[in-house]
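Right, one structure below, let's go through it.
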Amino acid sequence: TGPLVGGNTLITICGIAGVLALALVGIYFLRRRQNEGERPAALRAQDLTKEAPQTDYRSMGESPPLSQWMTTYLVGDDLFDDSFSIDSVEGEFMGECGVGIAETIGVGNPKRVSAFEVWLFDKNDIQTVTKVLMSSHVFRDGAARERLSAKGEPVLANPGREAVLETETLQLVARVVDMTYGEGALPEDSFFERVTLELAVWSKV
C-alpha cells in the first residue's frame, strides 16, 4: 500500500506544479501585454513612424525633396502636434512645417480626432498656408466642413491622398501613408484611430 500512496502523492504534486507553471506563464504574458498597452500613445506612434517607408522621389524620376519627414498619430495622443524646421542645403533657415489636431468629435477621453491641420510657414512669405485633412464623416458634413474651412482648404483623408501647400519659395507635399478609423458609438468613419503622414518640402528658388 505504501508505494502506491507515494506514487499517487507524486503524481498529485507534479500535477499541481504543472498547473502553477502554466498559471505563471499566463500571468507573465498577461502582464507583458498590459505593459505594452500602458505605453503612451506618442511612444507607440514613434515605433510606427520608424517602420513607415519614405517615398523615393528620385526613383520616380522626380527631384528629391529638400527635406522629408514622417509622423504618426495614434488615438490617445491628445497633445499631438509635430513640427519641423526647414533648412537650405547650406543650413540657412527657410521656414517650418507641421501637423496638429484641428478638430475632435464626441466627449470624454481620449479625444477622438476628426481632422488635422497641415501647415507651411515660409520666412519669405507674409502668411502661413494651411490645409485641413478631414475624416470622411466630417468632410460629408457641410456645416462642419464649412466651419473648418476657416482654418484652411478641406481635404478628404484617404490612404495615398496628397495635399500640396505652396508659398513664395517653398512647396510642401503632405501624403497620407496609412490610416485607420476608430470604432465605437460615434458615427462611422468620424474619427481616426491611426494616421501616418509624410511631409516632403522642395525649394522653389
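The values are calculated or read from the model by the stated rules, or taken from the named source; none is laboratory data. Since this is a predicted model, take the numbers as computed values, not measurements. Glycine also receives a Cβ, built like all others from the backbone with ideal geometry; neighbour counts cover every protein chain displayed. Just the protein is used for accessible areas: all its heavy atoms, side chains included, with ligands, DNA and RNA removed. Shrake-Rupley method; radii C 1.70, N 1.55, O 1.52, S 1.80 Å.
Of note:
- Residues of the stretch 108-118 that are assigned to a strand (DSSP E or B) and without any contact (Cβ under 8 Å) to a residue 24 or more places away in the chain: none at all.
- Single residue of the stretch 38-74 satisfying the filter (part of a helix (DSSP H, G or I) and charged (D, E, K, R)) that is surrounded by the most Cβ atoms within 10 Å (Cβ to Cβ): R44
- Filter result for G182 (over 19 Å from the mean Cα position of the chain (by Cα), among the small types (G, A, S) and either open to solvent by less than 40 Å² (accessible area, probe 1.4 Å) or under 23 Å from A45 (Cβ atoms) (or both)): no
- Within the stretch 98-147, being closer than 19 Å to E168 by Cβ and among the hydrophobic types (A, V, I, L, M, F, W, C) holds for V118, W119, L120, F121, I126, V129.
- Output for the stretch 185-205, where each listed residue is open to solvent by 40 Å² or more (accessible area, probe 1.4 Å), in contact (Cβ under 8 Å) with a residue 60 or more places away in the chain and charged (D, E, K, R): E193, R194
- Pairs, first touching a residue at least 60 places away in the same chain (Cβ under 8 Å) and assigned to a loop (DSSP other than H, G, I, E, B) in the stretch 138-167, second surrounded by fewer than 18 Cβ atoms within 10 Å (Cβ to Cβ) and among the acidic types (D, E), C-beta under 9 Å, six or more apart: T167/D125
- K111 being open to solvent by 70 Å² or more (accessible area, probe 1.4 Å) and within 13 Å of the chain's Cα centre (by Cα): no
- Residues in the stretch 124-137 that are open to solvent by less than 60 Å² (accessible area, probe 1.4 Å) and either basic (K, R) or outside any helix (DSSP H, G or I) (or both): D125, V129, T130, K131, V132, L133, M134, S135.
- Filter result for F121 (in a strand (DSSP E or B) and open to solvent by 40 Å² or more (accessible area, probe 1.4 Å)): yes
- Members of the stretch 75-107 that are part of a strand (DSSP E or B), open to solvent by 20 Å² or more (accessible area, probe 1.4 Å) and touching a Phe, Trp or Tyr at 6+ places or on another chain (Cβ under 9 Å): D82, S83, F84, S85, D87, E96, I101, E103, T104, I105
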